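Chemist: Okay, handing you the structure first.
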Amino acid sequence: MSERAVPPEAWHRLHPLTVLAELLRLFGQFAYVLVAIVAARFLGGGERFDDLYFAALGGVGVLVALLRYFTLRYAVWEGTLYLRRGVVFRQARTIPVDRIQNIDLKQSLLGRLTGVVDVKIETASGSGSEAELSVLSRAAAERLKAALASRQAATAAEPQAAAAPAAPRVPLWQATLGDLLLLGATQNRAGAILGGLASLYFVVGGYSGVNARAGVDAARALGGLGAWAAAAAALLALALLVAGGWILSILFTVVKYAGFTLAEAGDGRLLRSYGLITRYESVIPLRRVQALRLVANWPRRALGYWTVFAETAGSFVDKEAGGASIVVPLLDARERAAFARHFFPGLDLDAAAWQPVSRHAIRRGFLRAARLILLVFLLAGISFGRWPWWILPPLLVLAALWAWLRWRALRWARAGEFWLASGGVWRRTVWIVPEAKIQWVAVEASPFQRRLAIATLEVATAGAGPARGTEVVDLPAATARALAAALAARAAAAGALQPDGV
Amino acid sequence: MDEPLPPAEPPRLPDAAPLLPAGPPDSPCWLGLHPGIRSVWRIGSLIATPIVAIVAATLARALQEGFALPFPWWLAGVVVASLWLAWSWWLAGRRFAAWRYALAPDELSVEHGVFWRLARTVPRVRIQHVDVHSGPLDRAYGLAQVSIYTAGSEGAVESIPGLAPETAEALRDALLGLRSRP
């Protein structure tokens, strides 16, 4: 099917606001430079920049944006998405619609005010999205989505799906305000904010000569308080800071995931939308899901909630930028099995017979932690001279406990046609990989592992980056090899029925 | 693309037999690399040797400022570089001995690594594309390298170095043969 066969009326342009969006994006990258230049001018302290530079920069930006608008065309014709762009180097891209992994729509606040959206289309290749149409009018984006979706349904394995004209939407999960508050409250972001505050304290303290002791002194001088009261005041201030960071993190989460809805369209596609200010909408074909990832940090696990990610093939970077491959931010632990069945009908998660890894994992985990602790203590002892060595034994006991918990968390199972793996002490992850989606398997062994006759089994899917697949460490070597052979055979058999290899 | 594809035939597998150079004796289906790859690796480390010598000598020179070294600084460079050369010379032989691959009807398996051992299996239907390339040193020894890519992988999943060009091409054709349609 050649591009020349596409009738002229099938070709579309982007929305005229593309020019503005492109300019914003171009200058967004240099925003800090521009701010610095302007600040330098106003303060008069820095070097004076010629206005000519500004004009030249602006002119080039406008030219680039205009070129993008006038040269980029797209068309959906006969089950293929065509993309044409470029002036000097002309590029024509052809994407068979049935190879599309997912379609993402992103609408920023400005986009929502002006009614335009960013559209990203991903195939299974590793790097970047294959087609980025930014920006399209809302109506054009919906038309494109519908054109791609109908074609996808037509080429899908189930022929009856193509017959259904407009599939009803069945909501699978909807965020309530309570969900969002809980999600924010248990987000690890609080730690990040705390770290930020701490570094801010050190930076500011370093410049202005303020430090904790000075604060305590000040408090004592101010109220004539005793040292204990001053310390309590300092602690209170710290607690307030932490609470502030926590509330901020909750707010961020509520704004980011507000109105999170996951719905199943009857034709085997998932529709996901969320966001209060910047709105994200995605279409994920169910049969394109390579793996499910259930993740919960300790607080969430204790409260009985899990976060669910659905990995499709494609670039990890873009997915993270687009709000991750998250499909349910907060799923009740009791609904895990039922939810997983929406993706993988043959799976009974609750009935999985989980197997432990080798007990040598405890020893290896302990040695690894102990080595790190000893190294830190040795270095600190050398450089500080006075060092609280008595902390060492309790720390080693903690390391042993951690090693044991790590071993307990490391599990694997084969449930029907699915490969399951779990791990993580603080942040537990449970992987569900259909064995038919496995891309390759590997058995790795370090010299230390080989001495204990244990090995690491790696199972990769077409997801990219850290979402690529599972890694089960410290399996008995014979088990690892047998599992690798069995899983590879299953993948090879299933792959023969999947013409595009995903 | 728009006309329906003919129903998938059971794939006809190309015969792996012409690929067989002398593999390791323990298993008939495992194949080893071309012995020339040892020289390529060794020449590669020979080229890097002056850099190692310069780094070591510079470090010794810097240490000399603070400590009284019992030997001249340039000696550190010479000793470290020769140790490194001896080590990589030995390692090239071990790497060569550790490297093997096997082409089964359904999958490609490779094993390599001297200290950190790795055994990877890629089902042949999963292979998206295959590269054959050879650097200047490879070409000087009449060698080529085959890189294998699957869906979603950022780089090559596996690269088999040190193959005779005709072996590399036969391997590539055998790996892709499964996916070609009449």
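Chemist: Counting just the residues of the range B:102-120 that are acidic (Asp, Glu) and at the interface with chain A (Cβ under 8 Å from one of its Cβ atoms), which one comes out nearest to the chain's Cα centre (by Cα)? Outline the logic, then answer.
Modeler: From the range B:102-120, those acidic (Asp, Glu) are B:106-107, B:111; that's our starting set.
Adding the requirement that they be at the interface with chain A (Cβ under 8 Å from one of its Cβ atoms) leaves B:106-107.
Details: B:106: 22, B:107: 18 Å.
The selected residue is B:107.
Chemist: Out of all the residues in the range B:75-95, is one or more surrounded by fewer than 20 Cβ atoms within 10 Å (Cβ to Cβ), among the aromatic types (Phe, Trp, Tyr) and at pLDDT below 95?
Modeler: Taking every residue of the range B:75-95 in turn, none turns out to be surrounded by fewer than 20 Cβ atoms within 10 Å (Cβ to Cβ), among the aromatic types (Phe, Trp, Tyr) and at pLDDT below 95.
Chemist: Being exposed (fewer than 15 other Cβ atoms within 10 Å of the Cβ) and of a type outside the set (Phe, Trp, Tyr) is the filter here; which residues of the range A:79-95 pass it? Even if it seems obvious, please write down each step before you answer.
Modeler: Here is the first cut: in the range A:79-95, the residues exposed (fewer than 15 other Cβ atoms within 10 Å of the Cβ) are A:86-94.
A:86, A:87, A:88, A:90, A:91, A:92, A:93, A:94, listed by residue number.
Chemist: Testing residue A:402 on (1) open to solvent by less than 50 Å² (accessible area, probe 1.4 Å); (2) of a type in the set (A, V, I, L, M, F, W, C); (3) assigned to a helix (DSSP H, G or I), one condition comes back false. Which one is that?
Modeler: (1)
Chemist: Would you point out which residue out of A:460, A:409, A:442 is open to solvent by less than 10 Å² (accessible area, probe 1.4 Å), without any contact (Cβ under 8 Å) to a residue 24 or more places away in the chain, within 14 Å of chain B (Cβ to nearest Cβ) and within 25 Å of the chain's Cα centre (by Cα)? Please lay out each step first, then the result.
Modeler: On the way: A:409 fails: within 14 Å of chain B (Cβ to nearest Cβ); A:442 fails: without any contact (Cβ under 8 Å) to a residue 24 or more places away in the chain.
Matching residue, one of A:460, A:409, A:442: A:460.
Chemist: So which residues in the range B:125-152 are facing chain A (nearest Cβ under 7 Å) and of a type outside the set (S, T, N, Q), if there are any at all?
Modeler: Taking the range B:125-152 first, the residues facing chain A (nearest Cβ under 7 Å) are B:125-126, B:128, B:150-152.
Correct list: B:125, B:126, B:151, B:152.
Chemist: Now for a different question. Count, please, the residues in the range A:79-94 that happen to be modelled with pLDDT under 85 and of a type in the set (A, V, I, L, M, F, W, C).
Modeler: Total meeting the criteria: 4.
Chemist: Hey, can you tell me all the residues within the range A:273-294 that are over 18 Å from residue A:347 (Cα atoms), among the aliphatic types (A, V, I, L, M) and assigned to a strand (DSSP E or B)?
Modeler: Our first condition is that a residue be over 18 Å from residue A:347 (Cα atoms); within the range A:273-294, this holds for A:273-285.
Keeping just the survivors that are among the aliphatic types (A, V, I, L, M) gives A:276-277, A:283-284.
Result: A:283, A:284.
Chemist: Okay, next question. Residue A:425 - would you say it is in a strand (DSSP E or B) and either open to solvent by less than 50 Å² (accessible area, probe 1.4 Å) or of a type in the set (Val, Ile, Thr) (or both)?
Modeler: Values: in a strand (DSSP E or B): no; either open to solvent by less than 50 Å² (accessible area, probe 1.4 Å) or of a type in the set (Val, Ile, Thr) (or both): yes.
When the stated conditions are applied, residue A:425 does not pass them.
Chemist: Name the single residue that is modelled with the lowest pLDDT among those in the range A:107-125 being open to solvent by 10 Å² or more (accessible area, probe 1.4 Å) and within 30 Å of residue A:498 (Cβ to Cβ).
Modeler: The residue in question is A:125.
Chemist: Is there a residue in the range A:380-391 that is assigned to a helix (DSSP H, G or I), buried (at least 19 other Cβ atoms within 10 Å of the Cβ) and in contact with a Phe, Trp or Tyr (Cβ under 9 Å, 6 or more places away or on another chain)?
Modeler: Keep residues of the range A:380-391 that are assigned to a helix (DSSP H, G or I), which gives A:380-384, A:389-391.
Narrowing further to those that are buried (at least 19 other Cβ atoms within 10 Å of the Cβ): none.
Within the range A:380-391, none of the residues are assigned to a helix (DSSP H, G or I), buried (at least 19 other Cβ atoms within 10 Å of the Cβ) and in contact with a Phe, Trp or Tyr (Cβ under 9 Å, 6 or more places away or on another chain).
Chemist: I've got another one for you. Here are some residues: A:157, A:163, A:153. Which one is open to solvent by 60 Å² or more (accessible area, probe 1.4 Å), at pLDDT below 70 and more than 14 Å from chain B (Cβ to nearest Cβ)? Give the derivation first.
Modeler: Working: A:157 fails: more than 14 Å from chain B (Cβ to nearest Cβ); A:153 fails: open to solvent by 60 Å² or more (accessible area, probe 1.4 Å).
On inspection, the qualifying residue turns out to be A:163.
Chemist: Taking the range A:68-109, which residues are in a loop (DSSP other than H, G, I, E, B) and not assigned by TED's automatic domain parsing to the domain that holds residue A:10? Let's see the steps before the verdict.
Modeler: Going through the range A:68-109, the residues in a loop (DSSP other than H, G, I, E, B) turn out to be A:72, A:78-79, A:86-90, A:100-101, A:108.
Selection gives A:100, A:101, A:108.
Chemist: From the residues in the range A:339-367 that are within 28 Å of the chain's Cα centre (by Cα), part of a helix (DSSP H, G or I) and in contact (Cβ under 8 Å) with a residue 12 or more places away in the chain, which one is nearest to residue A:447 (Cα to Cα)?
Modeler: So, considering only residues that are within 28 Å of the chain's Cα centre (by Cα), part of a helix (DSSP H, G or I) and in contact (Cβ under 8 Å) with a residue 12 or more places away in the chain, the one nearest to residue A:447 (Cα to Cα) is A:365.
The values are calculated or read from the model by the stated rules, or taken from the named source; none is laboratory data. Just so you know, these numbers come straight off a predicted model, no measurement behind them. Cβ sites come from the backbone with ideal geometry, for glycine too, and all protein chains shown count toward neighbours. What goes into the accessible areas is simple: the full protein's heavy atoms, side chains included, and nothing from ligands, DNA or RNA. Shrake-Rupley method; radii C 1.70, N 1.55, O 1.52, S 1.80 Å.
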